[in-house]
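> Let me give you the structure first, and then I'll get to my questions.
Bear in mind that the values in this text are calculations on the coordinates, not laboratory data. Model, not experiment: these values are computed from the prediction. Every residue, glycine as well, gets a Cβ built from its backbone with ideal geometry; the counts of neighbours run over all protein chains shown.
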Amino acid sequence: MERIGYVVLSAFAFVAVAVGALTTALPLGEFLVTSAAETASAFAGMVWITWWALVVGFAIAGGVEAWVSSDAISQHLEGEGVRELALGTFFGFVSSSCSYSAIATAKNLFKKGASAPASLGAFMFASTNLVIEIGFVIWLLLGWQFVVADFLGGLVLIALLALAFRYLVPDEVVEQARENVEDAGTATDPNCGMDVDVEETDYTKEVDGTTYYFCSKSCMEGWSPEDANTTIREQVTTLSGWRALANKQWKEWDMLWDEILIGFVFASILTGFVPDSVWTSLFGEPVFGLPVYLVWTAILGALVGILTFVCSVGNVPFGALLFTEGLPFGGVLSYIYADLIIPPIMQAYREYYGLHFAGILSGLIFAAAVVTGILMHVVFAAAGLIPPVSQVHVAEFSIELNYKAALNVFATALFLVLYYLHKTDASDDDGGHGHDDHSHTA
């Protein structure tokens, strides 16, 4: 997360505590102690519920990235038909869940000839909102209904973006954006797909006369040109293949741990310090009728998604809190879908494609997120599938010897094994030096 994101969220947290202190009927000292305890309980509960899903999800994503080559993806995404959109969605589904990595990879696919609908629509959205780990976390915190809605709504949103690119955005505007990308003087990190300024990066490798540029030391050390020429079976059955998986999944943690942690902390603070009366006054009731209320709350959800600065898996805990406090089903989905238009990512769009196209892309994603949220709410309400608030897990925390405990023990063991493989691989490469933090600079 960019520094401005930390500043904004810290300000929001301070405002939340102040609002709670001003609206509570309890003495200030008692309110602070009680709210702090509820905050800690909510944080521990969310971590306990989602730990195994995050570990397993990142391990699966690491395996896909390490064992499946993505060099030829762009040539399959050159058209704007159903086949290209389906392939873009699939490639996004099995890729990294980091929004910063996703927008950089989508930009590089677009630069290499992929169509805007397939790369900037299908691939980019699927790689942040339809990936395995976010599905796990949504299921555990919000319920299976939200998982189904997130997936079906994601397909609807991709279709809306594709139609908008085809019928609303002139071809010359798209091609100008492609020219802006080609003139940027950057290279693609072969490990994570992120954009690298060839003049500024300190991390390069020379292999058979070709220079490869990397965004960070961890990406440079975790990449091997030989890995691209091995089969999946060879990767699965060799120690080097599992070390490659460990390096890739650690890269995922490196990019997303702060987003996830901040999402948990932010949601926990709001759970503990903001009274229900404040949420009720914010979301209100359908005074002007249900249709107006659904549109308003979907817009509100998308705006909150932008202003919280949190993206990918990290925004799910706050989405769970919003649902428990009155934001409707569709509004929560619009909030989740808006993670690709937080301010730092919109700034990256401007740097990649120019101000004009960045504004169009951001506006299309916002509109599609709102419309999709409304449609999913109407469909699921008609089918009677909107889950009760009691199903959502935010402030619960209890350790019991049940399937959650078994899964968390297994996940912890898996995490430690993969961490060991990652560290020993780093030690073999450079005599014991660990990996640097992965940059989030898009």
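> Compute the angle between helix 28-67 and the longest alpha-carbon principal axis of the chain, please, reported from 0 to 90 degrees and rounded to the nearest 10.
30 degrees
> Note down the magnitude of the dipole of the chain about its Cα centre, charges +1 on Lys and Arg C-beta and -1 on Asp and Glu C-beta and zero elsewhere, to the nearest 20 debye.
The calculation lands at about 1220 debye.
> Candidates [x] 0.99; [y] 1.24; [z] 1.09; which is the computed Cα Rg over 2.2 N^0.38 Å?
Identified label for the calculated read-out: [x].
> In nm, give the distance between the simple-model label positions of GLN347 and LEU401, each being 7 Å from the Cα along the Cα-to-Cβ direction.
So the label points at GLN347 and LEU401 sit 5.2 nm apart.
> Then there's this: Mind giving me the nanometre distance, one decimal, between the label points for LYS205 and VAL15, set 7 Å out from Cα along Cα→Cβ?
That separation, rounded to one decimal, is 4.5 nm.
> Between SER312, PHE266, GLY284, whose Cα lies farthest towards the positive end of the dipole of segment 3-430 when Lys and Arg beta carbons carry +1 and Asp and Glu beta carbons carry -1, centred on the Cα centre?
GLY284
> With a ≥ b ≥ c taken as the square roots of the eigenvalues of the C-alpha gyration tensor of segment 253-399, please select rounded if a/c is under 1.5 and otherwise prolate if a/b is larger than b/c or oblate if it is not?
oblate
> Cα axis of helix 343-353 to longest principal axis of the chain: angle in degrees, 0 to 90, nearest 10?
For helix 343-353, the angle is close to 30 degrees.
> A further question follows. Would you mind computing, in nm to one decimal, how far apart the modelled labels at VAL389 and GLN75 are, each placed 7 Å from Cα along Cα→Cβ?
Using points 7 Å along Cα→Cβ, the separation is 5.5 nm.
> With angles folded into 0 to 90 degrees, how steeply does helix 99-111 sit against the dominant principal axis of the chain? Use alpha carbons for both and round to 10.
Between helix and principal axis, roughly 40 degrees.
> For the chain, what relative contact order do you get, as a whole percent, if you take Cα pairs closer than 8 Å and at least 6 residues apart?
25 percent
> Ok, one more. Can you tally the lysine pairs in segment 3-430 where the Cα-Cα distance is under 26 Å and the two residues are eight or more apart, or on different chains?
Here the count comes out as 23.
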